[in-house]
Every structure is written in structure tokens, then in C-alpha cells.
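Visitor: This is the structure I want to talk about, given as C-alpha cells.
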Amino acid sequence: SFVDTARSRDVFRAFAEGGEINREDLYKALKMLGHVEVNNEWVSAIVKDKFSDRNFLDALDFSKFLAEYEACHMNYVRMKFAEADVDGSGRVDAAELAQVLRRAGFTPITGVVEQLLLEVCPRAMEVTFVNFAKILGIMRYRLGFTLQEYSEIMAAFRREDRSGREKLNLLEARSCLDWLGFDISQEDLEAVWHEDLKVQAQANSSQTEEEYGINDFDMVRLVRAVREREAHFVARRLRELATRKGQELPEDAAAVVTKAQLPELLSELNVTLASPDVMLEAVEALKLSKAEMTMEDIMPVLWHVRRYQGLSQTELDLAKQQFELCDEDGSGGMACSELEFAIRSLGFPVSYDEVQDQLDIWDMDESGEIEFVEFLKVVSYYKKKELQQVLQNMFTGSFSLSLQKNMTQRRFSKAGELKRGKSELPSMLLSSGHCPLRQDSGVLRSTEEDETELNLWGFSNLISEYRREINDEVRRNHGYTPGEVEELMQLFRVYDPENQGVIAKRQLRRLLLDCVPQAEKSQAGREQIAQMIKESDADRSGSIDFQEFLLLMRLVSNRCSRERLAKERAAVVATHFSVRDLREFRKVFKSYATNSSGDMSFEELQNMLGSITRAAQGARGSQELLEILRRYSQGDNAVDFPEFLHVMRDLVAHNWGNINALTSTLLTS
């Protein structure tokens, strides 16, 4: 028997009302337990013969019902296995196993059967019924996912379940799907939950999306439901393509598509904005050598593309190289303070604050390190951001309404159709943050007065080439862009008043004290200054040239980043805000702290709170708020983000101005 007792209890609780399950819900309960095709005749016969045709079953009866249904199912499977066992040996050829599974009511995704064979009977050329039954049980337990896919779903669930309560709400479930590469809107997710997996929605109709209790098995079901929707879409589109060709397919016949048609077919699925080349690379990686592909062949391609974030093999290799460069101790983790340098070295123009937003999302355990898979998520984020900016440039003028619709729905099916002249590349680079442009760029020279028309992916390839051009230069400049190098040259000249091309030893101390004035106040700070000078002075001359100066500025920047990061992590621990609260508070902070210092002044804090509570507007409230701010500021009537978190925790802890009832307004405004 392959009845899972724990899951059976969960399913019973999901449907039961008054301690009993309605017989009308038995079909959905069996589907929930992994039966792909439920035989209603068996259900009716079992209820009639074993339970006197009752309309309601208690927990014990439900358990007995499952055992009876399992017996019927296994008899059916045994019959189908025997039909395939033409010589009566009790075995079937392993190569024919997929066909046997289809006869038994399963439609395995390409590659699943091969992996299950390796798992159950790795060296067998033939499969016995016992092993066949094991394979069926595993497929049902994992709902058709391979071991690797199932493990990835479980890892994503545990990653999101930071509280350890083994339950997620619907917002966290969406984050889990996002981690797995499913770019699904909240609206679409709610539709899947309520329409495809409506068990808990019916049983707990008073719950909000934040309150749903989604366990790990529910998460597997949710991923399968999302993937089934995609499979239905793919199957429908395949048949539409066949109809266009004048083919009339029987209802049970599998439609096919060539590899060349695959990117166009999948463009509407918005798979991490993967280019046609990435799709075809995935086909090659999965060794799908068939000239024509069915829906079962296409689904693993989607998963593979998502696993690697829609990045090409070249981009993956560059990311791996950069990650290993920053993973100095070989631990498999990159210090978060190195993330800005790593992303910049890949040619993406980013700032510390932008990178910090990504750390809020991906450094879920607040360890101060990110793993390679998390690093790929960040790289993919900036690649998608870049593509969206290019697409926005392409959708102009008469296409503005189409852009609005496409950007809202996050569908890029027209991306391969719309074209612009190649000479527009400079403006696209500038709008993507590449400013100033490299004057000696071979990519830019090749586009001058070239009106060859390119689609999104053509421009994407050119921008990737441009980024690769500047990779070595940015690395040589220790992560600084050409524009920043120009600014640092101006600073260098301030400390090289005689224009000798070096900063003398006597000026170095002044330079560092100007950059990190707090360092002089402690022995540890002074030792760090000495160490940074030692590291940057490669020739041990006692003075530094401009290239050594760039390294020194990177060391200073990394030190500041580590200090800011450590201060923020300490504030997060002390204030006990959730990750979601942290993300939302950062958005609020950035929207109100608009002065050049990056800190939030008292006036800005008062303005922010005054928009939701009158307590911040009167003289008494203003004085109270100023006193609270001064508890955490450095004496300048302004707070940085970690200090802002302390202020907010203080306000919440004392329910200042009834803020607890109004915080949700603040976070959603």
C-alpha cells in the first residue's frame, strides 16, 4: 500500500466538517493525495459496498476507504503491467516503462522515468512489478516531480519558513514560487489557489491571504497546479500550431513542435525573460535530441531554464568565476559586503542601496553571506531589469498603450516582433544606467549609423557584449565604473597637490581620516587604516599611485559596507521586525529620506508619521517625537536606516499616536 498516513490526516482535516467528510469530496481528496486520474465508478462502488452508501465518513472510515481504493488501483495497475509483459516473465523492458505508465493513467514528463529507474533499480534492464509499484508510489508521493525538483521545492519552502512553524501564508507561498523561477502575479496565484486548490479556501473561507496555513505538501501541490496550467497552455498552443499547418489531430494524439519553434511557443509564459538562445541551450543540456518535441518534452526545458534563472551558459560561467573570486575562503558563500563589487564587475551599474534591497530579499537567514544560487538570483534580477528598460525604450509612441498592458501583465510575447534600429543602442545603454559610455567600445563603434533592425534579444546580446567589454576594465578599477573613476581622479588630485601622480605618505593619513573619520577613535580602527594602506601599496613605496588609490578606495568602501551591514543586522535582530516588515520599512524610508546624506531628518520623519497620525503634528507630539529620535541618532537630529528601525520599534512598543492600528496604512501607502 502507498497510502501516506500523515498526508491522509491532513487531507481529511482539510475537507472534514463536524468530524466527517462528505462523499462528494472524495474525488478531490484522492486528487489531493496524488491520484492523477480518479475512477468515480470505484469510488461509488466502495462507498456502496463497504459503507452502506452513506453520505459522510468519519476519520476511521476515510482511512478504510483509501485502503480499498488503493487496492482497486493496484489491481488495475497490475492488469496493465501484465498486458505489457507479453512473455509472462513478470518483467517489462525498462525502455518501455513510460508506455506502461501511460496505460496505467500516468503521463510522465520527459526524463522523469529515467531518473526514477536510476533511483529504484539503477542497473536493471528490466523492471519487475514490485519495482514498478515503487515507481508509481514515488511518483504519487512527489506528485510527478523528480527527486531534484521535489528537493528544490522543499528547500524553497524551508527557506521561506523562517519562523519554523511549517506553514506559509499565500504571500510567502508566492515568494517561494518566485524563488523557484515562476514569475506569477498575486492575482494569478490567488486564482490557482481558489480555483485549482480550493479545498482550504472553502473550509476556511474567512481567512485572508496572509493567514492561510500552507504546509510543505500544499506547496508541492501549488507548484504542480501552476505547472499544470502551463502544461495545458503548452498543449493548447501545440494543437493551435498544428491546426495552422492544416493538420487534423485525433483528440488523444500528441501535438509536436520543432526546436526552432520552441522560443516563440514559450514567449507568452514569461519564463524569467529567457532568450531563444537560452531555450535552445536548455534543450541541448537536457539532451533532447528529437527533431520534434511534445508537451512532455517541453516541461523539463521550462524547469531547467528557471533553475538557472534564464541566464545563458556564458553568463553562468562569468557569474561562477566572479562568485569564486569573491568567495575568498572557499566556503561556498560570498560576504554580502562584496555583492556590490561582484555585480559591478559583471558590468551592471549598481549602488550600495540597490544591492541592499536585493539582500533583503535573498539573504533570508541574515547570515551576512549569500550562496551561489542566491547570487544567480541577484544577477538575474539585474538582467531582467536591464531587459525591461530596453523593452520600455522599444515600446514608444504608438506602442505606449501596448507597453502599459504588457508591463502590467508582465507578458513579453511581442518582444521578438517589435524592432528598432541598431543605432539606438547608445540611448538604451544610457537609460539602463551605463553612464558615461565607453568611448573606445567596439560594440558601440559597430552600431554607428547602422540602421539594421533588431528585436529585444538582438539588443540584449549587444548589451551583454558591451558589459563583457567593460568587465575587465571594471575589475582592474576594483569595481568602479568609468564615471566613478573620473570622480575619484578629481579626489586623487586633491591629495596630490604637486601633480606628481602619487599621494605621498604624509597625505595618506589625512585622506583616510577624511574618508573614515570614526576610525581614529579606536585602536582597532587605526589598525584597520594601517592594514588598508599596506594592502593597497603594492610596491611598498610608502606612497600610492592612482591604481593603488582605487584599490584603497575599494577597501574603504568595503569597510564602510561591512559596518553599515553589521549595524543594520544588529538593528534587525534587536527590533524583531519580520523580513516583510524590513522590506516595506526600507521602501518607506527611501521614499521620505530625500536629502543627499541618505539619512532621514527629523522633519522628514515627522512628515512621514504626520501623514498617518495627528500625534506627529502638534507641538507636544513634535517634542515627544524629537526626544525619541535623539535616543537613537548620533546627535544630529537625523537617523540612518538602522536607527530608523529602532525609532519605529520604540513607537510601536509604546503604541505612540495609536501607530499600531495605523502601521498597515504606512506600509501599504
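Visitor: Filter segment 1-12 down to the residues that are in a helix (DSSP H, G or I) and surrounded by fewer than 20 Cβ atoms within 10 Å (Cβ to Cβ) and list them by number.
Guide: Keep residues of segment 1-12 that are in a helix (DSSP H, G or I), which gives 5-12.
Residues satisfying the conditions are Thr5, Ala6, Arg7, Ser8, Arg9, Asp10.
Visitor: While we're looking at this one, here's another question. Which of the numbered conditions does Val305 fail, given that it passes all the others? Conditions: (1) at pLDDT below 80; (2) out of contact with any strand residue (DSSP E or B) (no Cβ under 9 Å at 6 or more places or on another chain); (3) of a type outside the set (Phe, Trp, Tyr).
Guide: Condition (1) is where Val305 drops out.
Visitor: Among the residues of segment 609-617, are any without any contact (Cβ under 8 Å) to a residue 12 or more places away in the chain, open to solvent by 70 Å² or more (accessible area, probe 1.4 Å), assigned to a helix (DSSP H, G or I) and charged (D, E, K, R)? Outline the logic, then answer.
Guide: Our first condition is that a residue be without any contact (Cβ under 8 Å) to a residue 12 or more places away in the chain; within segment 609-617, this holds for 610, 617.
In the following step, the residues that additionally are open to solvent by 70 Å² or more (accessible area, probe 1.4 Å) were identified as 617.
When the remaining residues are screened for being assigned to a helix (DSSP H, G or I), the result is none.
Within segment 609-617, none of the residues are without any contact (Cβ under 8 Å) to a residue 12 or more places away in the chain, open to solvent by 70 Å² or more (accessible area, probe 1.4 Å), assigned to a helix (DSSP H, G or I) and charged (D, E, K, R).
Visitor: Considering (1) within 18 Å of Val11 (Cβ to Cβ); (2) free of Cβ contacts under 8 Å to residues at least 60 places away in the same chain; (3) out of contact with any strand residue (DSSP E or B) (no Cβ under 8 Å at 6 or more places or on another chain), say which one Glu37 fails and leave the rest.
Guide: (2)
Visitor: Could you list, in sequence order, the residues of segment 424-477 that are among the basic types (Lys, Arg) and buried (at least 19 other Cβ atoms within 10 Å of the Cβ)? Full working, then the answer.
Guide: Kept after step one, since they are among the basic types (Lys, Arg), are these residues of segment 424-477: 438, 445, 467-468, 475-476.
Once the filter is applied, which keeps residues that are among the basic types (Lys, Arg) and buried (at least 19 other Cβ atoms within 10 Å of the Cβ), segment 424-477 yields only Arg467.
Visitor: Can you tell me which residue is farthest from Ala104 (Cα to Cα) among those in segment 31-51 that are modelled with pLDDT of 90 or more and not in a helix (DSSP H, G or I)?
Guide: Step one: list which residues in segment 31-51 are modelled with pLDDT of 90 or more, which gives 39-51.
Restricting the remaining residues to those that are not in a helix (DSSP H, G or I) gives 39, 51.
Values: Asn39: 12, Phe51: 27 Å.
It comes out as Phe51.
Visitor: In segment 298-342, what residues are touching a helix residue (DSSP H, G or I) at 6+ places or on another chain (Cβ under 6 Å), of a type outside the set (A, V, I, L, M) and either over 15 Å from Ser275 (Cα atoms) or surrounded by fewer than 22 Cβ atoms within 10 Å (Cβ to Cβ) (or both)?
Guide: Residues satisfying the conditions are His304, Ser312, Gln313, Gln322, Phe323, Cys326, Cys336, Ser337, Glu338, Glu340.
Visitor: Picking from Val120, Val112, Val100, Val127, which residue would you name as being open to solvent by less than 10 Å² (accessible area, probe 1.4 Å) and modelled with pLDDT of 85 or more? Give the steps one after another, and end with the answer.
Guide: On the way: Val120 fails: open to solvent by less than 10 Å² (accessible area, probe 1.4 Å); Val112 fails: modelled with pLDDT of 85 or more; Val100 fails: modelled with pLDDT of 85 or more.
Exactly one of Val120, Val112, Val100, Val127 is open to solvent by less than 10 Å² (accessible area, probe 1.4 Å) and modelled with pLDDT of 85 or more, namely Val127.
Visitor: Residues of segment 13-51 being among the aromatic types (Phe, Trp, Tyr), open to solvent by 20 Å² or more (accessible area, probe 1.4 Å) and under 19 Å from Asp218 (Cβ atoms), which ones? Walk me through how you get there before you give the answer.
Guide: Just the residues of segment 13-51 that are among the aromatic types (Phe, Trp, Tyr), to begin with: 15, 27, 42, 51.
Still in the running and open to solvent by 20 Å² or more (accessible area, probe 1.4 Å): 27, 42.
The one that is among the aromatic types (Phe, Trp, Tyr), open to solvent by 20 Å² or more (accessible area, probe 1.4 Å) and under 19 Å from Asp218 (Cβ atoms): Tyr27.
Visitor: Which one of the conditions (1) buried (at least 18 other Cβ atoms within 10 Å of the Cβ); (2) of a type outside the set (D, E, K, R); (3) part of a helix (DSSP H, G or I); (4) modelled with pLDDT under 85 does Gln261 fail to meet, given that it meets all the rest?
Guide: Of the numbered conditions (1) buried (at least 18 other Cβ atoms within 10 Å of the Cβ); (2) of a type outside the set (D, E, K, R); (3) part of a helix (DSSP H, G or I); (4) modelled with pLDDT under 85, the odd one out for Gln261 is (1).
Visitor: So how many residues does segment 131-172 have that are open to solvent by 70 Å² or more (accessible area, probe 1.4 Å) and more than 23 Å from Ser8 (Cα to Cα)?
Guide: 3
Visitor: Give the residue, chosen from Gln490, Gln507, that is out of contact with any strand residue (DSSP E or B) (no Cβ under 8 Å at 6 or more places or on another chain), surrounded by 14 or more Cβ atoms within 10 Å (Cβ to Cβ) and not in a loop (DSSP other than H, G, I, E, B). Before the answer, list the steps.
Guide: Values: Gln490 fails: surrounded by 14 or more Cβ atoms within 10 Å (Cβ to Cβ).
Every option except Gln507 fails the conditions.
Visitor: Could I ask something else about it? Right, Asn55: open to solvent by 80 Å² or more (accessible area, probe 1.4 Å), more than 30 Å from Gln148 (Cβ to Cβ), of a type in the set (S, T, N, Q) and touching a strand residue (DSSP E or B) at 6+ places or on another chain (Cβ under 9 Å) or not?
Guide: On the way: open to solvent by 80 Å² or more (accessible area, probe 1.4 Å): yes; more than 30 Å from Gln148 (Cβ to Cβ): yes; of a type in the set (S, T, N, Q): yes; touching a strand residue (DSSP E or B) at 6+ places or on another chain (Cβ under 9 Å): yes.
Yes.
Visitor: A follow-up question, please. Tally time: how many residues in segment 524-576 are open to solvent by 80 Å² or more (accessible area, probe 1.4 Å), assigned to a helix (DSSP H, G or I) and touching a strand residue (DSSP E or B) at 6+ places or on another chain (Cβ under 9 Å)?
Guide: 1
Visitor: Scan Leu238, Leu280, Leu222 and give me the residue that is on the phi < 0 side of the Ramachandran plot, modelled with pLDDT of 75 or more, over 21 Å from the mean Cα position of the chain (by Cα) and open to solvent by less than 20 Å² (accessible area, probe 1.4 Å). Break it down stepwise before answering.
Guide: On the way: Leu280 fails: open to solvent by less than 20 Å² (accessible area, probe 1.4 Å); Leu222 fails: over 21 Å from the mean Cα position of the chain (by Cα).
Within the list Leu238, Leu280, Leu222, the selection yields Leu238.
Visitor: Further question on the same structure: Does at least one position in segment 336-352 carry a residue that is among the aromatic types (Phe, Trp, Tyr) and at pLDDT below 80? Spell out the reasoning first.
Guide: Initial filter on segment 336-352 (among the aromatic types (Phe, Trp, Tyr)): 341, 348, 352.
Filter once more, so that each one left must be at pLDDT below 80: 352.
Yes, some residue in segment 336-352 is among the aromatic types (Phe, Trp, Tyr) and at pLDDT below 80.
Visitor: Okay, moving on. Just one of Ala98, Ala71 is within 42 Å of the chain's Cα centre (by Cα), more than 27 Å from Ala235 (Cβ to Cβ) and aliphatic (A, V, I, L, M); which is it?
Guide: On the way: Ala98 fails: more than 27 Å from Ala235 (Cβ to Cβ).
Result: Ala71 is the single residue among Ala98, Ala71 that is within 42 Å of the chain's Cα centre (by Cα), more than 27 Å from Ala235 (Cβ to Cβ) and aliphatic (A, V, I, L, M).
Visitor: In addition: Looking at segment 577-605, which of its residues are assigned to a helix (DSSP H, G or I) and without any contact (Cβ under 8 Å) to a residue 24 or more places away in the chain?
Guide: Taking segment 577-605 as the starting set, the residues that turn out to be assigned to a helix (DSSP H, G or I) are 579-592, 602-605.
Across segment 577-605, the qualifying residues are Lys587, Ser591, Tyr592, Glu603, Glu604.
The values are calculated or read from the model by the stated rules, or taken from the named source; none is laboratory data. Small disclaimer: the values here were computed from a predicted structure and weren't measured. Cβ: placed from backbone, ideal geometry, glycine included. Neighbour counts: every protein chain shown. Areas reflect the complete protein model, heavy atoms only, side chains present, ligands, DNA and RNA absent. Shrake-Rupley method; radii C 1.70, N 1.55, O 1.52, S 1.80 Å.
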